Structure formats: structure tokens, C-alpha cells
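Just so it is clear, none of the values below were taken in a lab; they were calculated from the coordinates. From a predicted model like this one, the values you see are computed outputs, not experimental measurements. Note: ideal-geometry Cβ built from the backbone for every residue, glycine included; neighbour counts use all protein chains shown.
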Amino acid sequence: MGRTTAAMLGGLALTAALAAPAQAAGAGGSQDAEGGRHELGWRLQDSGSDARFRGLAAVDRRTAWAAGSGGTVLRTTDGGRTWRDMSPTGAEGLEFRDVEAFDARRAVVLAIGEGDASRVLRTDDGGATWTEAFRNTDPRAFYDCVAFFDHRNGLAMSDPVDGKYRILSTRDGGRSWTVLPSDGMPPALTGEAGFAASGQCLVTSGTRDVWLATGGGARARVLHSADRGRTWTATDTPIPAGDSARGVFAVAFRDRAHGIAVGGDYRADQASPDAAAVTGDGGRTWGPSAQPPPAYRSGVAWLPRSLAHGVGARHAALAVGPTGTDLTKDGGRTWRTVDTGSYDTVDCTADGTCWAAGEKGRIARAEPASGHSSGHSSGH
């Protein structure tokens, strides 16, 4: 069994400073009937780990999983007050970059790397034991992300093999995997690959739609499949490209039509203009954000309805990266930086909670607050 760690109760507001509750700084907000201002704040938690967490699965208000370096897997079932180390035995040499969880007991983690370093493991008992479900045997393959449509059907994607992205498919919740035929996959661009930076280079919406984010080529593209990965179409985005460090690092869709892409240049000494794009037609076309985040962003997530309403928006989202968190209240068209802490990935639940994770064991939970209430890189 894993070790239990106590959570830190110190709050980290989504602005430069945390003020008194009645004047709490946060990710924007709106006046309620009594004049209180609803805000959104990060509550930084004590993970008890110094791993870098690029994999994150937010299940509900009480349950979340994080996966990271050194074969580390953590789980909370009490809203983040305590985190337990549920790392697979003997996984210290693996680099986990993605985790998909169905509930507090069932989860799938993806280890990245060339050849047999790319693996998929699954647990059915909350991480007490793990089973290796897939081990890559092709030295040309390098798996980046995994995503599920439901509790049974899911996909994993590898960088191009023989000039095309390779897709794995499961129909039994990740217990077994098969390589899909590549005849429905368009050719990859020269130098193009996925970025294993946040577990969000492959995402789903509904029962059949899936999107794949790319970079490293002459153009930063997003590929879309409407038949669970059998056939794909590729569309250019305005996000910077033309270098192995540039491209689309993460995508998020609030339904099968409306999506956000974020990325840029992950090198700290390089600027990342036009680091976000939006689509309203399922990814057939992408347009630049009128006011994008000011720097490279590796993760993005739509806020659940309750949190979006709390910050005075109908369609709101958060983007995270090593230099900060940005909020959009207009579906990705304009962004403003609301925190300067370092996070690599972010995920939200339908019941009104967002989580973020990153370097040095950083895990945080976003919560609504009001004036009268209780505040890499690419993997290659």
C-alpha cells in the first residue's frame, strides 16, 4: 500500500497575491446579489513527492490521479487533503506522462519512451496492484498520449512509424490493445510528432470523436477522427511551427464542435506568440486567439459549468504552463494571465472541480470562493 501525506491548507490564489477573503484576488468574477465577488483560486496541496506530474485525471470532487517521473502514481479520494503513493512496483525507471481514470479504483497509465519504454499499465484495485497491458516492441514507435471514449473504448497514439501516426485501440478498458490499420491516417509532415507534455495530445469528446495534436513539422496541425481512430483528417493551426520545439501541445473540446488548442515553443528563452487557437466546427478550421496567452502553454481544460458561472462566464477555460495559468471567459478568443506558478497539466470534473499538476510534486485544486464564503518539454 502507499504512504499517506497530509495536505497543505495554504491557498494560492489565481492572481499575483492572495488577499483577505472579502477581497480575494482570483481568476475574474462577477458580483452576486449581495455584492460578494465570486472568484477562483488554486489551493496548493502537499503531494509528498518531488516527481514531475504531467499526467492528471480528475474524476470528481473527491478523486484524482496524478502520474509522473520515476514511475510515480498518486491518488486522492478525499479532495486532495491526503495523497497516497500508488506507484507500480518496480516502475522507478519508467516515465509516466498520461493517466486516464474511470473512478477511484480503475485507472490506466502510459509510460513513454523509445521501444519497450512505452508501456500501458492498468489497475482495478485503486493502485494496490498493477498489470502491464501493453509493452511496445517496435523500436521506431514512441507513445505519447492515451484517451478514452468511455469505460471500455480507448486509444493511444505513437509518433509516426513509416510516415504515419500509429494508433492503438482497446475495447476492454485498457486490458488489451491492438494496432489499428494505418490506411485511414494521412501522412505525417517531415519532423512531425506528438508532445508528451501534459497527456493532452490525444483527447476525445462523446463516443466517437478524437483529436490528435502535433508539432515539430513545418505546420502545427490537429488531426480529427469521427470513427474512433479508423480514418483521420488533418488541419493546419496558426500556432507557431517550423521547429522541433514548436507546435500544438494540448487540445480540449467542450463538445464535438468547440475546441481550444494551446502550445508554442517550449524553450524558456524563446517567445511563443499566437500560442492558442480556437475552432467552432470540430477542428475543420482553426483561427488564432485574438489575445493569446503570453507564453508557451502545455495544458488546457474547459471549466465545468459551475466554475465558469462563478467567474462570470458561460464558456471558460484554463491554460497552464511553466510560467503561469491563463483564463479565458469567451471560449478561447481572449486570455489573461491569472497566476505565475508552474504547472504542466490541468483537468476538470463535471461536478465543479479543476486540478493542476507539474514540476517538483506540485498539485493544486481550483475552487470557487466569494466575499462571504469560506479561495520539458516535449518528452523526446
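Considering only residues that are in a loop (DSSP other than H, G, I, E, B) and touching a strand residue (DSSP E or B) at 6+ places or on another chain (Cβ under 9 Å), look in the range 207-217 and name the one that is surrounded by the fewest Cβ atoms within 10 Å (Cβ to Cβ).
That would be Arg208.
Any residue at all in the range 191-201 that's of a type in the set (S, T, N, Q) and within 17 Å of the chain's Cα centre (by Cα)?
yes
Look at the range 148-181 and say how many of its residues are crowded, with 24+ Cβ neighbours inside 10 Å and closer than 24 Å to Asp85 by Cα.
So the count comes out to 1.
With respect to Pro288, is the statement that it is touching a strand residue (DSSP E or B) at 6+ places or on another chain (Cβ under 7 Å) and surrounded by fewer than 24 Cβ atoms within 10 Å (Cβ to Cβ) true?
Judged against the criteria, Pro288 is a match.
Report the residue count in the range 96-126 for those that are of a type outside the set (A, V, I, L, M), crowded, with 24+ Cβ neighbours inside 10 Å and part of a loop (DSSP other than H, G, I, E, B).
1
Against the condition surrounded by fewer than 24 Cβ atoms within 10 Å (Cβ to Cβ), over 29 Å from Trp302 (Cα atoms) and among the acidic types (Asp, Glu), how does Glu192 come out, does it pass?
So Glu192 does not fit the description; no.
Give the residue that is farthest from the chain's Cα centre (by Cα), with candidates limited to residues of the range 311-362 that are of a type in the set (Ser, Thr, Tyr) and within 20 Å of Ala277 (Cβ to Cβ).
In this case the residue turns out to be Thr334.
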